[in-house]
Every structure is written in C-alpha cells, then in structure tokens.
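Read through the structure below, which is laid out as structure tokens, and then see the notes.
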Amino acid sequence: MKCPFCKSFETQVIDSRVSEDGESIRRRRKCTSCTKRFTTYETIELRMPQVVKQDGTRSEFDLQKLRTGFMRALHKRPVPTQLVDDAIATITQDVLALGEREIPSRRLGEMVMRELKRLDQVAYIRFASVYRSFQGVDDFQDAIKEVQRPTPKPPSKSPNAKDGKDPADTSGDLFEPKEPSPPGARGAGRDR
Ligand SMILES: [Zn+2]
C-alpha cells in the first residue's frame, strides 16, 4: 500500500480492527518514510456479475429470472421445491466463486442445464429444447440419449462441444423460455 503523501511503498500497519458487522477491516497505517498516518478499509467484493448475452448486451444477474426459468422447465414435474432452491443456490455460489465481473449467458445456461439434468430429465429436455432451439425430432432424440448417458467428467464441459454445435447460437432468452413447441414448429430457416 503506497503512502498517499510521499508515495513510499514502505508502510506499517499500526492498528487493525474488524467492523461491527464483520464485513470490513479498518487498518491504521504509518508510512515509515514520512511517518504520516492514514487509514485503509478492506471489504469483500461479493457482487453478482453482469450477464452478457450473445449480442453483447449486459443485464443484471436476476435471481427471479433464474427461478422462473427453473419453474417453467419443471412445470408439473415431481421435484420438491427444496431441491430447486438448492440447485439455484448452487448456481449462485458457482457464479460468485468465479469472481468475475461478467458472465456469458451461455455459461449460466450450461449451469442450469447441469442442475436440471440432475433434478429431472424431462425438465432438462424441455429447457434444452428452448435453449438450444431444437429444430426437429432428431434434436429431441439426441437430448434423450444424452440424459440417459452417465454424466461425463468433468461435468462443467459443454454438453454440445462434441458435435460442434454451440449453445450460444440460440437467440432466445434462456431465462424466459417460451412454452416448449412441438418439434419443427419454430425457427424455420434458422441455421443448424
Ligand atoms: Zn509517506
């Protein structure tokens, strides 16, 4: 920590105390060159990152949207709310643990897919059909084969990496999925 007065890097901590709420540390420092004193505060940076969509637009990380995405995928599925809460908490923790200021929406989508795959295969396929913009019956068959395979390791690997399809190709908002459409009903003319 550089001295704000003489710019010397030689400073000494003479007092250190944790704030009452425990969320910051206040340190009294003394410059060993000019002997002036100053105070620094250390706080934890624990902010949810901005979500960056494929088109480059940014938005706040929205827990409610994340929950809505889960609830739509899990509509009328026999999955206890507690497990949904746990899955959302896991994703939130994983996102925080990245320590990044921004996260691509694709990465968030992969986390949702990972959790849904674990929770409920039907919900997983519902979500995947919207997120990956399924074009036909083949896409559903592929996804069904995928959930029936044991989860590959490491689990963070993109489930699509092997066949070169990029889940980011979707232009849909993955946290506002529409009702799953019948195969082939939407996206005519879209690239595969
Ligand atoms: Zn100084």
Condition check for Val84: more than 16 Å from the ligand (Cβ to nearest atom), under 30 Å from Arg126 (Cβ atoms) and assigned to a strand (DSSP E or B): no
Search result, residues across region 1-44 that are of a type in the set (A, V, I, L, M, F, W, C) and either within 15 Å of the ligand (Cβ to nearest atom) or in a loop (DSSP other than H, G, I, E, B) (or both): Met1, Cys3, Phe5, Cys6, Phe9, Val13, Ile14, Cys31, Cys34, Phe38, Ile44
Selection status of Asp94, in the same structural domain as Met111 (by TED's automatic domain parsing) and acidic (Asp, Glu): yes
Neighbours by Cβ (under 8 Å, 6+ apart or cross-chain): first from region 82-93, closer than 23 Å to Arg106 by Cβ; second modelled with pLDDT under 90: Ile88/Leu63; Thr92/Met48; Thr92/Leu63
Where Leu66 falls short, out of the listed (1) touching a Ser or Thr at 6+ places or on another chain (Cβ under 9 Å); (2) modelled with pLDDT under 90: (2)
Single residue of region 45-63 satisfying the filter (at pLDDT 90 or above and not in a loop (DSSP other than H, G, I, E, B)) that is nearest to the ligand (Cβ to nearest atom): Gln50
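The values are calculated or read from the model by the stated rules, or taken from the named source; none is laboratory data. Predicted, not measured: the structure shown is a model, and the values here were computed from it. Every residue, glycine as well, gets a Cβ built from its backbone with ideal geometry; the counts of neighbours run over all protein chains shown.
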